[in-house]
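For reference, the structure discussed in these notes is given below.
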Amino acid sequence: MRVAISSCLLGAPVRYDGGSKPISEVIELAQKVEVVRVCPETASGLPVPRPPAEQREGRVYLSDGRDVTREFDLGARRCLDALGRSPVSLAVLKAKSPSCGVGLVYDGTYSGRLVPGRGVFAARLEEEGVCVVTEDTVKSCKPSVEHPVAIVLGSGLGHLGSLVRPVRRIDYRDIEGFPMSAKPVEGHRFEATVGTIDDVPVVVYPGRIHLYQGYSAAEVTALVRHAHHLGCRDIVFACATGAVPGQAHVGLGILTDQINLTGRNPLAEWDGLRDVESPFVDMNDAYSPYLRTLARGVADDLGIAVEEGVYAGVLGPCFETPAEVAALRTLGVSYVGMSTVCEVIMARALDMNVLGLTLAANESGATGVSHESVLEAAGRHAEDFERLVRGVLRLL
Ligand code: SF4
């Protein structure tokens with residue numbers, strides 16, 4: 001996987017003051033991928049050191065008043081040209097910079113105040129379809145013993161749990177809010193394992209309960225709140241789905257977004273709501289673009305066939321009618337399933353980084369689909385699924 005990274009984050013003394021901002025988490029990532037180092041400001045020919053620059057009213061000025069908009073454009077273009085020869089799907093750029101910043105940049109008063117915006121180079125990369133994040137995203141997704149990666153597994157995918165080197169096990173019945181009476185359906189086990197996979201700290205939940213079994217949205221999201229209480233910041237949801245014909249094929253998929261068609265929301269129920277700061281949760285980029293891009297890169301590197309698409313969560317438990325399949329296609333849905341959407345809402349309300357992976361075990365609307373056939377399809381893709389998850393964990 002090729003990743004463009006700001007040179008100053010890797011320790012190169014290219015900043016305006018002649019220094020750098022090495023970030024250990026970014027340097028670690030750089031050791032695991034093919035890196036293209038970029039510094040648009042030095043690529044423009046601006047000297048090091050130089051006065052600091054900030055954006056104001058669409059232009060860029062040095063603190064001595066010089067307008068360097070042309071130089072910033074030139075540097076961005078030169079770096080883009082270099083990347084054009086060796087394309088990247090991900091860029092990790094220095095936060096807040098007038099060249100590299102994403103989301104927030106300095107406001108042009110040289111007072112340290114920030115305003116919403118993008119650096120000149122970051123904006124160009126985003127226009128090219130590159131996933132652009134700052135070092136803050138890499139740091140926030142970095143697992144540790146205090147912040148293990150939570151992995152919630154769906155039908156037939158529970159085998160991943162056997163890869164964990166266990167430190168301790170947690171009976172679901174000891175998890176607050178999880179219904180004591182719940183019994184696992186075939187292919188699920190109700191015991192979480194805390195431990196490591198390939199030395200990455202994880203908590204694996206090898207089964208879940210569903211709305212269609214009569215549980216509330218708050219109950220089906222109890223595992224998410226538990227993971228958050230354990231310190232997890234990243235959460236991987238894996239689920240079995242049907243592939244909507246014309247939109248996706250049977251096989252593995254990366255979820256890009258979701259449509260909640262269950263009619264339920266954990267944030268509309270007190271048990272779901274009480275742990276969150278606000279129920280008015282921003283659901284843009286609910287599935288982390290950074291984690292999605294890593295998953296795509298791992299799949300490409302390992303030759304794993306993976307598609308991407310929007311997930312629609314329905315109440316179930318019956319499968320879709322032909323009219324419903326047609327409607328889902330019209331809505332732009334690639335995958336339809338009976339879990340995950342409420343969990344993702346809960347995870348986002350708790351500010352967790354979400355990766356959604358699916359095994360489309362059958363075509364949505366197909367006849368002859370049974371729980372057994374889903375398990376059988378899961379078995380066929382289990383190895384690729386495990387390679388994919390392990391590959392992503394390795395990069396975090
Ligand atoms: S923020 Fe970007 S332009 Fe500025 S020194 Fe770092 S790499 Fe160079």
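Key figures for this structure:
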| item | result |
| --- | --- |
| Any chance Val48 is of a type in the set (Val, Ile, Thr) and over 16 Å from Lys94 (Cβ atoms) | no |
| Inter-residue pairs, beta-carbon under 7 Å, first under 18 Å from Asp285 (Cα atoms) and in the stretch 245-264, second open to solvent by 40 Å² or more (accessible area, probe 1.4 Å), 6+ apart | Gly253/Glu307; Gly253/Glu308; Ile254/Arg292; Ile254/Arg296; Ile254/Glu308; Thr256/Arg292; Thr256/Glu308; Ile259/Leu331 |
| Matching residues, the stretch 285-305, being in a loop (DSSP other than H, G, I, E, B) and either open to solvent by less than 20 Å² (accessible area, probe 1.4 Å) or closer than 18 Å to Val149 by Cβ (or both) | Ala286, Tyr287, Ser288, Ile304 |
| The stretch 239-250, residues that are open to solvent by less than 10 Å² (accessible area, probe 1.4 Å) and modelled with pLDDT of 95 or more | Ala243, Val244, Ala248 |
| Within the stretch 116-134, considering residues that are over 16 Å from Cys39 (Cα atoms) and within 19 Å of the chain's Cα centre (by Cα), the one surrounded by the most Cβ atoms within 10 Å (Cβ to Cβ) | Cys131 |
| Hits in the stretch 164-191 (condition: open to solvent by less than 50 Å² (accessible area, probe 1.4 Å) and in a loop (DSSP other than H, G, I, E, B)) | Val164, Ile175, Gly177, Phe178, Pro179, Ala182, Val185, Gly187, His188, Phe190 |
| Those strands (runs of 3 or more DSSP E) lying entirely in the stretch 1-108 with at least 2 residues surrounded by fewer than 16 Cβ atoms within 10 Å (Cβ to Cβ), over 30 Å from the mean Cα position of the chain (by Cα) and away from the ligand (no atom under 12 Å from the Cβ) | none |
| Counted residues, the stretch 339-369 - those being in contact with a helix residue (DSSP H, G or I) (Cβ under 9 Å, 6 or more places away or on another chain) and farther than 17 Å from Ala248 by Cα | 14 |
| Residue list for the stretch 229-261, restricted to those being closer than 16 Å to Ser364 by Cβ and assigned to a loop (DSSP other than H, G, I, E, B) | Val244, Pro245, Gly246, Gln247, Ala248, His249, Val250 |
| Test for Asn260: is it of a type in the set (S, T, N, Q), out of contact with any Leu (no Cβ under 9 Å at 6 or more places or on another chain) and within 23 Å of Glu308 (Cβ to Cβ) | yes |
| First in the stretch 318-329 and within 17 Å of Ile259 (Cβ to Cβ), second anywhere and among the charged types (D, E, K, R) and open to solvent by less than 100 Å² (accessible area, probe 1.4 Å), Cβ under 8 Å, 6 or more apart | Leu328/Glu320 |
| Residues located in the stretch 192-235, provided they are farther than 16 Å from Pro317 by Cβ, hydrophobic (A, V, I, L, M, F, W, C) and open to solvent by 10 Å² or more (accessible area, probe 1.4 Å) | Val194, Val200, Leu230 |
| Qualifying residue in the stretch 335-353 (condition: under 28 Å from Glu219 (Cβ atoms), polar (S, T, N, Q) and open to solvent by 50 Å² or more (accessible area, probe 1.4 Å)) | no |
| Subset of the stretch 192-211 [at pLDDT 95 or above and more than 21 Å from Val392 (Cα to Cα)] | Leu211 |
| Some residue of the stretch 147-158 being under 23 Å from Ala43 (Cβ atoms), surrounded by 16 or more Cβ atoms within 10 Å (Cβ to Cβ) and in contact with a strand residue (DSSP E or B) (Cβ under 7 Å, 6 or more places away or on another chain) | no |
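The values are calculated or read from the model by the stated rules, or taken from the named source; none is laboratory data. In this text the structure is predicted, and so the values were computed from the model without any measurement. Please note: Cβ atoms are built from the backbone with ideal geometry, for glycine as well, and neighbour counts cover all protein chains shown. Accessible surface areas use protein heavy atoms only, side chains included; no ligands, DNA or RNA. Shrake-Rupley method; radii C 1.70, N 1.55, O 1.52, S 1.80 Å.
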